[in-house]
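The values are calculated or read from the model by the stated rules, or taken from the named source; none is laboratory data. These numbers were taken from a predicted model, which means no experiment stands behind them. Glycine gets a Cβ as well: all are built from the backbone with ideal geometry, and neighbour counts include every protein chain shown.
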Amino acid sequence: MSIHLDRSSPRGKVIAASSILAGVLAGSSLVGRWIQLEGRVREIEATRREEVAALRANLGGVQGELGKLQDELSAADDKAEIAIALRDRLQSAEARMGDIGQAIEAQSESLTALERERSIFGPAALDRELAAHDELIQARWESFSKVLSEVRTAADESRQRVEKIDRALSTQRDLAGMWHELVGPVVQLAGDTSVGSGVLLRSSPTPAEDGLFRRHLLTAWHVVRDIQGDLSRTEAPVPVAIYLVDGSVRHETAHLLRFDAGIDAALLEVRTPDRIPDGARLATKERLASVSIFDPVYAVGCPLGNDPIPTFGEVATVHHVIDGQTYWMINAPTYIGNSGGGIFDSQTHDLLGIFSKIYTHGAVRPTIVPHMGLVTPLGRIYEWLEREGYAAIVPDTDPLASKGEAGVATAGY
C-alpha cells in the first residue's frame, strides 16, 4: 500500500494509526471481493477451456466432413440428387461452423470482461482505495484539530473571566471581614501629651458574678509609660477609644496588668458590661516560627491620633538587633502613633506582632524612616506571658485542646 505519512509527530502517529486501521477494515472487504472474483475467473477459465477445446475438436470434425463432402461432390457431379443432398449437408456443416465460431467469440469476450473486472479490484485498486481513505482521515483530523484549538482558546478565555469575577467577588465579600479582623481590634490609647495604639483580644465573662466582660489588650510598654507619665502611677486607668464598624467611637478605660520594658510589651485589661464585638485572633507558635522575609503583612495603628489605618507591606527581616533585643523589621508605612498597634498576616489576618519603634536616622535632628518599622514578635510576648502566669492567653497548637473558658476566649478561639 502506498500510504505516505510523517509518523514523527503526535498527529502523524494518530493519523497513521487511523489510516492503517481504516485501510485494514476497507482492505479486508476489497481483498475478499477480489479473491472471490479470482476464484470465479479460474473456474470460468477452466470450464471455458474445456468447452473451447471441445468446440475446436468438433470444428475439426466438421472440417473433415466438409473435405469428404467436397470430394464426394466432385466425384458425383453428374448425379443431381446426390449433389443436392451433399450441398445441403455442406450448408449445414457451414452453419454449424458459424455457430461454433460465435460460441468461441462469446467465450473470449466473457474472459476479457472477467479480466477487466479482476483488474478493477486488484492490488492497485486496493492501494488507491486506501489512499483515498487516508486523505479523508487527514482532512477530518485537521478539522478536528482546528475545532479543538478553538474550544481550548474559548475555555482559557472563560476561565480567565471566571477567575477575574471570583477575585472581584472575593474582594467584595472579604471587605467586611477584613475590617472586623484587622481594623476593629485596634484601639487608640491617648493621654494628655501622648498617643499610641493597642490591640484588643477576644472577650470572655469574668469568673466573678458581676456580669462584666473582660478584654485583654496588648500594646507597647512605652505607650502606657508615656500616657501615665510616672512609674509610680501604674495603677492609673488608661483611656481607650474603640472604633466600631458604623463609624462611632466607644470610650472605655483599661488597667495595666503586666509590662516588660526589655521587650517593650504591656498587658492591660478592659472590663465592660457588654461584649465588645471585635478582637484579634492570635497566631500559633508554629506559625510565628515560620515567619520569614517577604511574608506579606498589614500594619494597623492610629498614627498621629487618627482612626485605625491599615497599611500593606512585607517582612524585611526577622533578625534586627537593637540594644541586645531582636526585632522584626517591616516595610509597611508607619508613623508616630502606630506604636502598640498590630502586625497581621495578610492572608489569615492572625496577629503576628506588636509594633514597637519607628526607625530614625541622625542624632542631632533625627529623621523618621516610615518604611523601616520595628516589631516585637508575638513569640517573645508569649514567653513573657507564660512566665507571668498568663499562659491561658497563648493559643494552643491544636484548637481542640482543652483549656479553661477564659483562656479559650482570650486566645481567639
Across region 267-289, which residue is surrounded by the fewest Cβ atoms within 10 Å (Cβ to Cβ) among those that are within 21 Å of residue 343 (Cα to Cα) and charged (D, E, K, R)? 286
Do we find a residue being within 35 Å of the chain's Cα centre (by Cα) and at positive phi anywhere in region 348-360? yes
For region 181-194, enumerate the residues that are touching a helix residue (DSSP H, G or I) at 6+ places or on another chain (Cβ under 8 Å), aliphatic (A, V, I, L, M) and surrounded by 22 or more Cβ atoms within 10 Å (Cβ to Cβ). 189
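Say we look at region 224-250 and pick out the residues that are loosely packed, with under 12 Cβ neighbours inside 10 Å and of a type in the set (S, T, N, Q); which of these is modelled with the lowest pLDDT?
Of region 224-250, the ones loosely packed, with under 12 Cβ neighbours inside 10 Å are 230-233, 235, 246-249.
Among the residues that remain, those that are also of a type in the set (S, T, N, Q) are: 232, 248.
Working: 232: 75, 248: 95.
So, considering only residues that are loosely packed, with under 12 Cβ neighbours inside 10 Å and of a type in the set (S, T, N, Q), the one modelled with the lowest pLDDT is 232.
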Checking the conditions here, which among 341, 373, 379 is touching a residue at least 40 places away in the same chain (Cβ under 8 Å) and out of contact with any strand residue (DSSP E or B) (no Cβ under 8 Å at 6 or more places or on another chain)? 379
Of all residues in region 278-305, how many are touching a Gly at 6+ places or on another chain (Cβ under 7 Å) and either of a type in the set (Val, Ile, Thr) or over 24 Å from residue 387 (Cβ atoms) (or both)? 9
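Looking only at region 187-200, count how many residues are among the aliphatic types (A, V, I, L, M) and either at pLDDT below 95 or more than 45 Å from the chain's Cα centre (by Cα) (or both). Working first, answer last.
Within region 187-200, the subset among the aliphatic types (A, V, I, L, M) is 187, 189-190, 195, 199-200.
Remaining after also requiring either at pLDDT below 95 or more than 45 Å from the chain's Cα centre (by Cα) (or both): 189-190, 195.
The qualifying residues number 3.
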Of the numbered conditions (1) more than 16 Å from residue 281 (Cβ to Cβ); (2) of a type in the set (Gly, Ala, Ser); (3) at pLDDT 95 or above, residue 406 satisfies every one except a single condition; which is it? (3)
Top-ranked residue of region 251-277 - restricted to ones that are of a type in the set (Lys, Arg) and over 48 Å from the mean Cα position of the chain (by Cα), ranked as farthest from residue 354 (Cα to Cα): 271
